[in-house]
Each structure stands twice: as C-alpha cells, then as structure tokens.
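> The structure under discussion is supplied below as structure tokens; questions concerning it will follow.
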Amino acid sequence: MPKFAANLTMMFNELPFLDRFEAAAKAGFKYVEYLWPYEFPAAELKAKLDQFGLKQVLFNTAAGDISQGEWGLSAIPNREAEARRDIDQALEYALVLGCPTVHIMAAVVPEGESRQAYKQTFVENVRYASEKFKPHGINICLEALSPEVKPNYLLKSQFDTLEIVEWVDRDNVFVQLDYFHAQNVDGNLSRLTDRLRGKFCHIQIASVPNRHEPDEGEINYQYIFDKLDEMGYQGYVGCEYKPRGETVAGLGWFEKYK
C-alpha cells in the first residue's frame, strides 16, 4: 500500500502553516512534505514532527526571487555560488528534519537563452549536491513541471528529467514522478511508469485537469496505486493537490489507506 504524505503547502491551508502538522496527523497521515521549510528554524519544524508523530519525506531547495520569475537557481549559468549555498542550506535542514529526499529545483529558462547551457549548469550543480548528500544517505530528486503550471521551466517532460538523471549518473539522484505533470505532458502513464522503473524515488499526485483530490478527473489512481504495489515501490506518494474545499471534507478517498 502506498505511503501517503500530506503536502502541507497545499493541503490544510485553512490553517496557519505550523498548525497544519497537527491537522495532518489527526486526519490520519504519518508522513508530510511541503515546498520550502526556510521560513522557520529547522529545530522548530522538527519539534512539530516529533510532537505529532510525523516523518518529513520531501522538501525543495530554495526558489530564488519568485517576484522576478525565478523558480530555482541550480540551472542558471554564472550563479553557481548562490545555487550551492541553497543546496548546502537544504542539506542542513534535511539533517535536522531527518528527511530522506530533497528536490533540487532547476530554473526557468528566459526566452533567447541557451537551454543547453542551463542543462550543463544544472548537471554540475546536481553532481555537487549528490556528493554533499551521499555521505548522509539522502537522495536527490529532479522534477518536470508542465508548461501551463511553470512556462519555460528547464524540465517539462519526464523524459527531460530522465535525461538529466542519466547525464548526472549518480546513484542517489532520481526522477520525482509527479503524475499530474506527467499526464499533462507525457500521458500513457502505465507505460511511462514502466519506463521509469527504478529511476524514480518519490511520487506526487493530483487530479487532472483541475489539480484537486485524486478521486476525480481523467487519471485512474486506484489503478496507478495497484501498479505501484505490484512493482514493489517502497517510496512515498505526496498529495500535492489543491483541495476542492475544506481539506478534511475532501479526504474520503484516503479513508481506506489510513
């Protein structure tokens, strides 16, 4: 049975962020993820995890200056020092939080810039991250974002991400398989899952097209969950969706997985 993680950036957002840990635990979740922890001291977040018996399973490196259109720095040429500062910061948080996996954000590629130069920069920074994280047993994952969600992001397809993972060629670097983005760009999710077997270490879910609970839309998630069980997938499944209304009211789909 999949190990579901509540995404506290998107779920339970009726509440202040630090109150979402308790809400997730009361709803039956044992695992949590979110985009970024850096607004709070790592020790404060760890105390929340411990208080409510939760395990942190994923977060991202910093996004950069979102107001200027940035969405990650690790692929931007000539900004390696900033990118590696963010990678080092993520490692510090992962060690305190006991988090097994960190998503290294790539970057948006401005019109007219060389995507190849961005890819090369990203590869070198991911290799840096791999070497820093490996002694601590922490995995790195890379994620594709569909163009309607993040136009001009370096990675838009699962195959873009797989290419970088194979180029990096490190045994703690994997694909982050988000089925919402994958269906929007790649489709054919059964064969895609087979193709990526052994290459992904974290999964995220949401309905398509509306990015709500996984009990609506065009993806048959029960089939996907059964397939993952058959494959022997031992990782986590992050619930990175926007609730249709109040979060708990939409958790009927989760009842049988508690």
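The values are calculated or read from the model by the stated rules, or taken from the named source; none is laboratory data. Just so you know, these numbers come straight off a predicted model, no measurement behind them. Note that each Cβ is placed from the backbone with ideal geometry, even for glycine, and that neighbours are counted across all protein chains shown. All accessible areas refer to the heavy atoms of the entire protein, side chains included, with ligands and DNA or RNA removed. Shrake-Rupley method; radii C 1.70, N 1.55, O 1.52, S 1.80 Å.
> State, as an integer percentage, the relative contact order of the range 70-148 based on alpha-carbon contacts under 8 Å between residues 6 or more apart. List each step's numbers first, then the result.
On the way: 95 pairs, mean separation 32.6, N = 79.
That works out to 41 percent.
> A follow-up question, please. Looking at the P(r) of the range 138-253, how many percent of alpha-carbon pairs lie beyond 19 Å? List each step's numbers first, then the result.
Working: 3015 of 6670 pairs.
When all Cα pairs of the range 138-253 are counted, 45 percent exceed 19 Å.
> Report relative contact order for the chain in percent, whole number only (criteria: Cα-Cα under 8 Å, sequence separation at least 6). Numbers along the way, then the final one.
Working: 486 pairs, mean separation 51.2, N = 258.
Relative contact order for the chain comes out at 20 percent.
> Okay, moving on. Please identify, among Asn188, Asn139, Asn13, the residue showing maximal mean-square fluctuation in a Gaussian network model of the chain using a 10 angstrom Cα cutoff.
Asn188
> Whole number please: convex hull volume per residue of the Cα set in the chain, in Å³? Intermediate results must be reported in sequence, preceding the final value.
On the way: hull volume 31.2 nm³, N = 258.
Value for the chain: 121 Å³ per residue.
> For Cys201, enumerate residues with amide H under 5 Å from its amide H, sequence gap 5+ or separate chain, H modeled in the peptide plane.
So Cys201 has HN proximity to Val175, Leu177.
> Where does each of 120-128, 65-73 land if you order them by average Cβ count within 10 Å, highest first?
Details: 120-128: 20.2, 65-73: 14.9.
Packing proxy ranking, top to bottom: 120-128, 65-73.
> What does the accessible area per residue of the range 58-166 come to in Å², with a 1.4 Å probe and no ligands, DNA or RNA counted? Walk me through the numbers on the way to the answer.
Working: 4420 Å² over 109 residues.
Accessible surface, normalised per residue, equals 41 Å².
> Given a 1.4 Å probe and every protein chain left where it sits, what share in percent of the accessible area of the chain is carbon and sulfur? Mind dumping the intermediate values first?
Values: 5200 of 10980 Å².
The value for the chain is 47 percent carbon and sulfur by accessible area.
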